[in-house]
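Below is one structure, written out as structure tokens, with a few remarks after it.
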Amino acid sequence: MHDRQEISDLISKYGSLHDRLMVGPTPTAAQAVQFEKDALEWESIFTDDVEAVFTLTTTHGNKGFADVFRHPRPVSGYETGQWLGSNYCITDLTGDSAVGHSTFTLAFVYQRVLPDRHYDFGGNYDWRFRKVEGVWKISFVKPNTVWTAGADHSGVTIRDKQGYMHRFAAQ
């Protein structure tokens with residue numbers, strides 16, 4: 001049970017870092033130190049050989065993974081956003097590896113002063129995890145967008161044969 005909780009906490013950390021790194025204008029000089037700490041923490045939650053599958057790209061390895069978030073920010077057309085994860089289902093937990101699924105909702109707010117104007121989408125994630133030196137890390141991640149609502153003025157998602165899918169990690 002302890003391993004399942006650690007993995008669930010890892011998914012929550014992914015979401016929290018996603019919010020801090022993904023959306024908004026380029027950090028000011030005053031924010032840059034914390035931004036760099038968050039970017040390094042982002043890289044640390046993945047295995048060295050992580051596979052991240054997004055619609056327009058698949059990345060292998062965590063080195064430089066945080067560079068996706070440096071200027072220009074992947075979702076720079078929005079001032080803020082919120083990633084909400086839920087329904088964490090950890091399966092096939094065997095020794096130092098596990099498989100998981102979860103659902104998510106993302107809300108991107110165009111302007112903080114107008115929080116009722118936003119672009120939303122949601123779906124599910126496919127995850128694989130591996131314990132490295134006693135710490136659970138993400139070894140595979142694939143978001144699958146199922147629905148969208150509102151106008152996407154920033155090009156966060158694209159429509160392809162499988163429906164609306166993530167675009168922002170394809171930098």
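Quick note: the coordinates plus some simple rules give every number you see, no bench work behind them. Treat the numbers as computed from the prediction; the structure is a model and nothing was measured. Quick reminder, even Gly has a Cβ in these numbers, built from the backbone with ideal geometry, and neighbours come from all protein chains shown.
Odds and ends about this structure:
- Near L17: Cβ cut-off under 11 Å, other residues only, Lys/Arg at +1 and Asp/Glu at -1. The net charge is -1.
- Each peptide in 88-94, 112-118 receives the mean, over its residues, of other Cβ atoms within 10 Å, and ordering these scores from highest gives 88-94, 112-118.
- The alpha-carbon of K142 sits under 12 angstrom from the alpha-carbons of these aspartates and glutamates, leaving out residues fewer than 8 places away in its chain: E51, D126.
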